[in-house]
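Read the structure below first, then the notes.
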There are 2 protein chains.
Amino acid sequence: MPADSAPSARTQVRRLPQRGAYDRATLDAILDAAFICHVGFVADGHPVVIPTGYGRRGDHLYIHGSAASHMLHSLQAGIELCLTVTLLDGLVLARSVFHHSVNYRSVVVFGRATVVEEASAKLRALEAITDHILAGRWAAARPPSPRELKATLVLELPLAEASAKIRTGPPSDEPEDYALPVWAGVVPAALTFGEPLADPKLTPGIAMPAHVRGRS
Amino acid sequence: MPADSAPSARTQVRRLPQRGAYDRATLDAILDAAFICHVGFVADGHPVVIPTGYGRRGDHLYIHGSAASHMLHSLQAGIELCLTVTLLDGLVLARSVFHHSVNYRSVVVFGRATVVEEASAKLRALEAITDHILAGRWAAARPPSPRELKATLVLELPLAEASAKIRTGPPSDEPEDYALPVWAGVVPAALTFGEPLADPKLTPGIAMPAHVRGRS
């Protein structure tokens, strides 16, 4: 059973605190449902935000490749990151412009990321990242060669200082605005997946496996 | 015709430079297609990344409300931001774990955001943000009252130092891996919208307007 994080000064949701959550079950559900995170770090005093894939394994998040390579120069002692995941669930159309909003689930994780050096730990982290793109994919694809493993930078971020923020439900208008002749409601939104497209270079006769079919 | 940005030291796409683009038509198309941005800033030396809505008006982006309120304490002289937008277009399943990827379109904008103080400029910015959620919504909803306008913090970020990064198409495997008996291809992904749900408190008889129906 994972430990819940208590809100820290920077994870405490101050604006609309009723939307904040800190329990690990809520955090994990959002982290496991999203595909892309946005990782922020400070480079030469300036903020940088890069989108990238990620994986979760127990109490740690892992990122690799592109995002990590941007941060290489300052990695020796680890690097302070803010990793944010957002799922857009709907457009919230209120009667007043002021109360327009979106329904969403987001997680913000603060912490110091460190490089995963040891080969077997690195493989387990890459498995988490790969199976987060598509469950079952790690077992189906060719594993990393020693050269590829060496060329891949993997960062580990503890899931210790984190908070979730969630908005659901219909718009919330000013009491006097409910009488206005304005349509109000929610347009649901979701990331959806289409029919998989085989690589034009796919060897004839290789059937689409169940772990791919199941996604669309 | 908007001016294209020349790549700066920090917008120059260094890793896989063939994926980089700097022309305004490409940047604008991505910015106009996405709904949510992730805004990064530095607070007490630490990176912070917050998801929020945004709008574009010519050569400027606008954000307001929640994200902006997190930054209030350091706003007097403007604040250095990195605003990133990402559209996930597909899961790229290669024959090797190493070449797994995603298809995406992203834009990264660096710059100093300043507070929009003047009331009519603020209204135009809020119109851009509101109509970015749903085109036609500004004209349909009750405009901000003077009190609401005063309570809303709006930030303006010039679209001057920006780059796009795009990946499309099938996986790119090592030449010797094409012979492996591994299914490879792309699972298309897109944010999609469902049938609008009327607010349970909607006054009976108000029909769903065309600008809402058109979204689903």
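We did not get these values from a lab; they are worked out from the coordinates using the rules stated. Fair warning: this is a prediction, and the values are worked out from it, not measured in the lab. Every residue, glycine as well, gets a Cβ built from its backbone with ideal geometry; the counts of neighbours run over all protein chains shown.
In bins 5 Å wide, starting from 0, what share of all Cα pairs of chain A does each bin hold, as a percent?
Going out from 0 Å in 5 Å bins, chain A shows 1, 6, 12, 15, 15, 15, 13, 9, 7, 4, 2, 1, 0, 0 percent.
Of B:ARG57, B:ARG24, B:ARG142, which has the largest mean-square fluctuation in a 10 Å C-alpha GNM of chain B?
B:ARG142
Near A:TYR104, within a Cβ-to-Cβ distance under 13 Å, what is the net charge of the other residues, with Lys and Arg +1 and Asp and Glu -1?
Here the charged neighbours net out to +3.
Given Cα pairs under 8 Å that are at least 6 residues apart, what percent is the relative contact order of chain A?
It rounds to 26 percent for chain A.
If Rh is defined by the Kirkwood formula over all Cα pairs and Rg also comes from Cα, what ratio Rg/Rh do you get for segment B:171-210?
Here the Rg-to-Rh quotient is 1.50.
Residues of B:131-138, mean number of Cβ from any other protein chain within 10 Å of their own Cβ, rounded to a whole number?
2
How long are the semi-axes of the equivalent ellipsoid of segment A:114-174, taking √(5λ) for every eigenvalue λ of the Cα gyration tensor, in whole Å from largest down?
Semi-axes, largest first: 36, 17, 8 Å.
May I ask you to report, in nm to one decimal and beginning with the shortest, the distances from B:VAL115 to the same position in the other copies, taking label points 7 Å along Cα-to-Cβ?
4.3
As I understand it, the value is the acute angle between the Cα axis of helix B:119-133 and the longest principal axis of the Cα atoms of chain B; what does it come to in degrees, rounded to 10?
40
What does the protein assembly as shown give for Rg and for Dmax, in Å, if only its C-alpha atoms count?
For the protein assembly as shown, the Cα radius of gyration and maximum Cα-Cα distance read 22.0, 69 Å.
Report, in degrees rounded to the nearest 10, the 0 to 90 angle that the Cα long axis of helix A:24-33 makes with the longest principal axis of chain A.
70
If R0 is 51 Å, what FRET efficiency do you get for B:HIS46 and B:ASP131 from their C-beta distance, rounded to 0.05?
So the FRET efficiency works out to roughly 0.90.
On a straight-distance basis, which lysines could pair with B:LYS165 in a cross-link, Cα separation under 26 angstrom, same-chain partners fewer than 8 positions away excluded?
A:LYS150, A:LYS201
Amide H of B:ALA34: which non-local residues (sequence gap of 5 or more, or other chain) have their own amide H closer than 5 Å, using H built in the peptide plane?
none
Which length gain, in nm to one decimal place, applies between A:ALA207 and A:GLU176 when the Cα-Cα distance is subtracted from 0.36 nm times their residue separation?
Fully extending the segment from A:ALA207 to A:GLU176 adds 5.1 nm.
Among bridges DSSP assigns within chain B, what percent are antiparallel (round to 5)?
Among the beta bridges of chain B, antiparallel pairing accounts for roughly 100 percent.
What does the charge count around B:ILE206 come to, taking other residues whose C-beta lies under 14 Å from its C-beta (Lys +1, Arg +1, Asp -1, Glu -1)?
Here the charged neighbours net out to +1.
Between segment A:131-179 and segment A:16-59, how far is it from one alpha carbon centroid to the other, in angstrom?
For segment A:131-179 versus segment A:16-59, the Cα centre distance is 7 Å.
Can you pull the mean other chain C-beta count within 10 Å for peptide B:203-212? Don't skip to the answer; put the middle values down first.
Working: counts 8, 0, 1, 7, 1, 2, 3, 0, 2, 6.
Average per residue, whole number: 3.
If each residue of separation counts as 0.36 nm, what is the full-extension length gain between A:ALA119 and A:ALA25 once their alpha-carbon separation is subtracted?
In short, 30.9 nm is gained.
Need one value for A:166-179: mean number of C-beta atoms belonging to other chains within 10 Å of its residues' C-beta atoms.
Counting Cβ atoms of other protein chains within 10 Å of each residue's Cβ and averaging gives 2.
Looking at segment B:111-186, which GluC sites (Glu not before Pro) are DSSP coil and have at most 11 other C-beta atoms within 10 Å of their C-beta? Spell out each step's value before the answer.
Working: sites: B:GLU117, B:GLU118, B:GLU127, B:GLU148, B:GLU156, B:GLU161, B:GLU176; in loops: B:GLU117, B:GLU118.
Qualifying residues, ordered by number: B:GLU117, B:GLU118.
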